[in-house]
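Novice: I am attaching a structure below and will ask some questions about it afterwards.
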Amino acid sequence: MFPNNPDPKIINGLSSLYFQKKFSKALEDIEKFLKEFPDSNILFNIKATIHKSLGDLVLAEKLYLKSIQLNSQYPQSYNNLGVLYLEQRNFKQAESMFMQAIEIDEKFVEGYSNLGNSFLFQRKLLAAENYYRRAITIDKKFIDGYINLGNCLIRKNNINEAEEILSRALAFDSLSSKLNFNLGVLYEKKKDFNKALMAYKNAFERDKNYLTAKAKYLNLSRIVCNFENQESQELHFFSEEKKSYDAIEPFSMLAIDKDPACQLDRATNWSRRKYNSYIKSDIFSKKTTKKKIRLGYIGSDFKEHAVGYQIKKLIRLHNRKKIEVYGYSLINSNSEMSDYFSKAFDKFVDISMLNLDEAQETIKADELDIAIDLNGHTLNQWTEIFASRIAPIQINHVGYPGSMGTCFHDYIVADNFVIPKESEKFYSEKVIYMPDQYQPQDNDMVISSAIINRFQLNLPENGFVFCAMNNSYKISHDVFKIWMKLLLEIENSFLWLLESNKFMKQNILRELEKYGVKKERIIFAGKVPHEEYLARFRLADIYLDTFDYNAGTTASNALYAGLPVITKAGPTFASRMAGSFLKAIDLPELITYSSQDYFQLAVNLATDKKLLSNIKDKLLNNIKTKPLFNSKKYAKDFDEALIKI
C-alpha cells in the first residue's frame, strides 16, 4: 500500500460497495475518509470510477488526473483513465495511458488486456488478439484476459477456439459471474440454448446485481418457449431493474415489457451509457445548393431478411427527380437480394470492413441530407455511426419497433394507430405520421404455385388450421394459454407454428400435456424460400397474432397471401403493428383490445363458415383497392414527408 492511503481493509470495503453498485454509500464514505487522507490517490481513483459508472465522465477524468498527480507510480489510475478515454473513442490517448501503466509495471496485465480492447474497438482483431494472449501468458489465471480473448475469437468467427479459451478459464474460476455470462453469449451464438441458459443463470445467481445476465436469461427463455415461472420471473426482474444502475439492452425486452414508459426509459438509459461518448457537435446546415435531397439508408439487412423485403420496392420507387438514394451495408452479403439492392440504389457501399471513423467519413463524404437507421437496437446495428451525426436529419425506421431513446435520432416513422397522438410522450423522436400505415410494402411479391394443397405440408385435409408463424420469442405464456384454450374449444382444430429452434419445439410439446392437448394437433413448419413461405399462408384458415410483440412483416405477408389476421392491440409500438396493417386494409373488425375478445373473435370465425368466408372475400378485394399494398402511394407519401422535414 502506498503512503497517504487508508488501511487496506477500508479500501477493500469501498471496492466492495462499488461492485455491489452501492454508489451513494461509497461516495459518502470516501468523502469521510478524504478528510483524514486528503492526498490519497486510491480514494480519488475509486471516486473517479464511481462517477464514471454514474455517467459523469468529465468529473471522472478530473479525479483520475488528480489521482495520478498524487501518485504517478500507481498503474491502476492510468489504466482506469485509459478505459474512460477508450469509451470516448479517444484511442490514442487511451493507448498512451495503458502503455504508461505497463511502463510502471511490465506485468500489469490489465494494461495489455485494455490495449487489446482498444484495437478490438477499432476492428484490428489480430493486434487485439496478440495483446490478450500476452496478458494471459503473464498471468495464466487472469480471467478478464480469457474473456476478452474469447470475445475477440468470436468476432473472428473462431467459435470452437473461443469455447476452448473460455472453458479453460472456467477451470480457474468457475464462480466468475462475468465468465459465465460470456460463456452464455458463446453458447447462444452456437445455438446451444440449454447450455446458454444454464450459463446465464450461473452468472446472475453468483451476482444478484447482474441484471444484464438476468435479462439475457429471460429473453432466451422466451426464445425456447420455457414458460415455467415466466410471469413471476419477469415481474421480479422489472422491480429489480428500477433499483439498478445496469443498462439493459432494449430489444431483448420488447416482447416482455408492456409499458411504453419503461421501454423509453430503458432505451434512454442504454443509449446514454452506450453512445453518449460518441456524440460529436458536428453542425450541419439544412440549407443546400444540391438540386436533389440525398437520402441514405444504413443497415445490415440488404439481403433475404424481413427488412430487405419491406424496403425492396420502396428503394426503386423514390422520386429520382427529387431524391438521390444511397445505401450503406453493415455486413457483407453475397446473395440475389443483395445484388438487387446494389443496383436499386443510386450508390451502394459496403462499409462492413471499415472501422468507425472510416465508415463515418465514407458516409459524410456523400453529403447526405437525411440518414435512415434501418437497424435501431436490433442485431448487427452500428448505432455509433449515427451518434456523431452523418446527416442533418436522422430517422429511426423499419427495423426497430420502438423509440431509440437517443438525442441523435430526430424522427420515427409511424401512423396514427401504431403511435396515437397521446402516446408521442413515449418517444424521444418526433413522429413522422404516414397517412395510411407506417411500414412500406412490396406489392410485387411472388407467391409460389408449387404449394397447392395441405397434404404437401403434412397439414390435416379437413381440419381447421390456426396459423402463427411468429418468431418464438414473441410467444408469451399468456398467448399460448389462449391458443390451447382455442384448440380445446374448436373441434378438429390445429395450431401451425414456425419451428424457430429445436428447443422451443421440445418445450411446446412438453407443455401440451398440461392442457390435455394431443401432440398431433401442433404442426411445426420449417424455414423455406420466400415464395413458398408466402404460399403456405393460403393453406391456413386464420392467422393468430402474438400480443405484446405483434407479427410485423409476417402479419402483412399473411394478409398479402389472403389470410385473415386476428390481433390484440396494446399500448406499445410493437403491440400495435398488426393493427396498423388491418386499419390500412380496412379490416378493423379483426383488431381486439382484450384477451377475451381475441379468444371470442377466433371462436366466432372458426365456427361460422359464412362469417369467415365474408372476411376472406373482403380481404382479397381490399388487397387490390386499399392503401396497405399500394406501394406507389406509400413511396409518394414518404417522399413528400421527407421533403417536408
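Novice: Tell me the net charge near ALA101. Cut-off is 13 Å between Cβ atoms, ALA101 excluded, with +1 for each Lys or Arg and -1 for each Asp or Glu. Don't jump to the answer; show the numbers that get you there.
Specialist: Numbers: positive: LYS107; negative: GLU95, GLU103, ASP105, GLU106, GLU110.
Within the 13 Å Cβ shell, the charges total -4.
Novice: Let me ask something else about it. With point charges of +1 on the Cβ of Lys and Arg and -1 on the Cβ of Asp and Glu, referenced to the Cα centre of region 7-151, which listed residue (GLN93, ASN148, GLN20) lies farthest in the positive direction of the dipole?
Specialist: Of the candidates, ASN148 comes out farthest on the positive side.
Novice: Between GLN506 and ASN90, what is 0.36 nm times their sequence separation minus the Cα-Cα distance? Round to one decimal in nm.
Specialist: Values: separation 416, 0.36 × 416 = 149.76 nm, distance 4.83 nm.
Residue separation times 0.36 nm, minus the Cα-Cα distance, leaves 144.9 nm.
Novice: So what is the accessible area of region 496-603 per residue, in Å², with the probe set to 1.4 Å? Intermediate results must be reported in sequence, preceding the final value.
Specialist: On the way: 3600 Å² over 108 residues.
So region 496-603 comes to 33 Å² accessible per residue, rounded to a whole number.
Novice: Which FRET efficiency value, to the nearest 0.05, is calculated for TYR433 and ARG155 with the Förster distance at 35 angstrom and r the Cβ-Cβ distance? Walk me through the numbers on the way to the answer.
Specialist: Values: r = 40 Å, r/R0 = 1.15.
With R0 = 35 Å, the Cβ-Cβ based efficiency is 0.30.
Novice: Once the other residues with Cβ under 9 Å from the Cβ of ALA255 are scored (Lys, Arg +1; Asp, Glu -1), what is the net sum? Present the calculation step by step, with values, prior to reporting the outcome.
Specialist: Working: positive: ARG222, LYS474; negative: ASP257, ASP548.
Around ALA255, the surrounding residues sum to 0.
Novice: Follow-up question, since we're still on this one. Would you please put 494-503, 433-442 in order of how densely packed they are, using the mean number of other Cβ atoms within 10 angstrom per residue and starting with the highest? Show your work: numbers first, answer last.
Specialist: Details: 494-503: 19.0, 433-442: 22.0.
The most tightly packed comes first, giving 433-442, 494-503.
Novice: Right, another one. Enter the Cα centre distance for the pair region 159-177 and region 523-546, rounded to the nearest angstrom.
Specialist: When both Cα centres are located, 41 Å separates them.
Novice: Right, something else. In Å², and per residue, what accessible area does region 144-199 have when probed at 1.4 Å with the other protein chains present? Numbers along the way, then the final one.
Specialist: Values: 2490 Å² over 56 residues.
On a per-residue basis, 44 Å².
Novice: Return one whole number: the accessible area per residue of region 53-109 in Å², for a 1.4 Å probe.
Specialist: 48 Å²
Novice: Could you give the length gained on full extension between SER15 and ASP637, defined as 0.36 nm per residue of separation minus the Cα-Cα distance, in nm?
Specialist: Residue separation times 0.36 nm, minus the Cα-Cα distance, leaves 218.2 nm.
Novice: In addition: Could you rank the peptides 61-68, 44-51 by their average count of other C-beta atoms within 10 Å per residue, with the highest value first?
Specialist: Values: 61-68: 20.1, 44-51: 23.8.
Result, highest mean Cβ count within 10 Å first: 44-51, 61-68.
Novice: Next question, about the same structure. Please give the direction-averaged projected area of the C-alpha convex hull for region 178-257, in square nanometres with one decimal. Walk me through the numbers on the way to the answer.
Specialist: Working: hull surface 19.2 nm².
Projected area, direction-averaged: 4.8 nm².
Novice: Using just the helices of the chain, give the 222 nm mean residue ellipticity in deg cm²/dmol: DSSP H runs with n ≥ 4 each add -39,500 (n - 2.57), and the total is spread over all residues, rounded to 500.
Specialist: On the way: 27 runs with 332 residues, N = 645.
Rounded to the nearest 500, the figure is -16000 deg cm²/dmol.
Novice: Suppose each label sits 7 Å from its Cα in the direction of the beta carbon; what would the LYS62-GLU589 distance come out to in nanometres?
Specialist: 6.8 nm
Novice: Here is a follow-up. Once R0 is set to 60 Å, what does the formula 1/(1 + (r/R0)^6) return for the Cβ-Cβ distance between ILE138 and LYS610, expressed as a FRET efficiency to the nearest 0.05?
Specialist: Values: r = 78 Å, r/R0 = 1.30.
Here the calculated transfer efficiency is 0.15.
Novice: Any idea how far apart LYS644 and ASN458 come out in nm if each label point goes 7 Å out from Cα toward Cβ?
Specialist: 5.1 nm
Novice: According to a simple spin-label model (label point 7 Å from Cα along Cα-to-Cβ), what is the distance in nm between LYS421 and HIS236?
Specialist: Result for the modelled spin labels: 4.4 nm.
Novice: Once the other residues with Cβ under 9 Å from the Cβ of ILE645 are scored (Lys, Arg +1; Asp, Glu -1), what is the net sum? Walk me through the numbers before you get to the answer.
Specialist: On the way: positive: LYS430, LYS644; negative: ASP410.
That sum, taken over residues with Cβ under 9 Å, equals +1.
Novice: Once the Cα gyration tensor of the chain is found, what semi-axes does its equivalent ellipsoid get, as square roots of 5 times the eigenvalues, in whole Å, sorted largest first?
Specialist: Values: eigenvalues 443, 181, 99 Å².
Computed over the chain, the values are 47, 30, 22 Å.
Novice: Another question about this same structure. Please list, by residue number, everything in region 230-259 whose backbone N is under 14 Å from a paramagnetic label point 7 Å out along Cα→Cβ of GLN596.
Specialist: The answer is none, because no backbone nitrogen lies closer than 14 Å to the label point.
Novice: Nearest 10 degrees is fine. How inclined is helix 230-242 to the longest principal axis of the chain, computing both from alpha carbons?
Specialist: Roughly 40 degrees between the two axes.
Novice: A further question on this structure: Give, as ranges by residue number, the residues of region 531-557 whose backbone N falls under 17 Å from the point 7 Å along Cα→Cβ of CYS262.
Specialist: Zone members listed by number: 547-550.
Novice: Run the accessible area of the chain with a 1.4 Å probe and give the carbon-and-sulfur part as a rounded percent.
Specialist: On the way: 13880 of 28130 Å².
Carbon-and-sulfur percentage of accessible area, whole number: 49.
Novice: What whole-number distance in Å separates the alpha-carbon centres of region 554-611 and region 435-454?
Specialist: With region 554-611 and region 435-454 each reduced to a Cα centre, they are spaced 17 Å.
Novice: Pop the C-beta distance of LYS618 and LYS292 into the FRET formula with R0 = 30 Å and round what comes out to the nearest 0.05. Intermediate values should be presented prior to the final figure.
Specialist: On the way: r = 41 Å, r/R0 = 1.37.
Given R0 = 30 Å and the Cβ-Cβ separation, E is 0.15.
Novice: Using just the Cα positions, wrap region 487-592 in a convex hull and report its mean projected area in square nanometres, one decimal place.
Specialist: Values: hull surface 30.0 nm².
The Cα convex hull of region 487-592, projected and averaged over all directions, gives 7.5 nm².
The values are calculated or read from the model by the stated rules, or taken from the named source; none is laboratory data. Values in this document were obtained by computation on a predicted structure and should not be read as measured data. FYI the Cβ positions are ideal-geometry reconstructions off the backbone, even for glycines, and counts take in every protein chain you see. All accessible areas refer to the heavy atoms of the entire protein, side chains included, with ligands and DNA or RNA removed. Shrake-Rupley method; radii C 1.70, N 1.55, O 1.52, S 1.80 Å.
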